[in-house]
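Input: a single structure, listed below in structure tokens.
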Amino acid sequence: MSRMVRSLLRMMGLYELTDHEDRLEIDREIERRTGVSCDEAIEMGLIGRDEFLSIVQEILRRKKGRKEVELYI
């Protein structure tokens, strides 16, 4: 699991909303979108804050089976 994903989730106050599997899904989605490891993508700035939040929201929506998950930061 990505140390950068964990760090960003903690900084944004979202870590507690995710479980281990969610964080792995976030890692996979970042890697799918960028073609590089998630740590590298974040460090290189290939994934911005808005896109990261969008990915987290998408993963949580899938998990919860909800139409909308509101993240207030």
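Can you find, among Val5, Ile59, Gly35, the residue farthest towards the positive end of the dipole of the range 3-64? Put +1 on the C-beta of Lys and Arg, -1 on that of Asp and Glu.
Checked the options; the winner is Ile59.
With viscosity set to 0.890 mPa s and temperature to 25 °C, compute the Stokes-Einstein D of the chain, Rh being the Kirkwood radius across alpha carbon pairs; µm²/s, no decimals.
202
Once fully extended, how much extra length lies between Arg32 and Arg61, figured as 0.36 nm per residue of separation less the alpha-carbon to alpha-carbon distance?
Additional length available on full extension: 8.6 nm.
Computed from the coordinates by the stated procedures, all read-outs in this text should not be read as laboratory data. Quantities reported herein were computed from a predicted structural model and do not represent experimental measurements. Because the Cβ atoms are built from the backbone with ideal geometry, glycine has one as well, and the counts that use them run over all protein chains shown.
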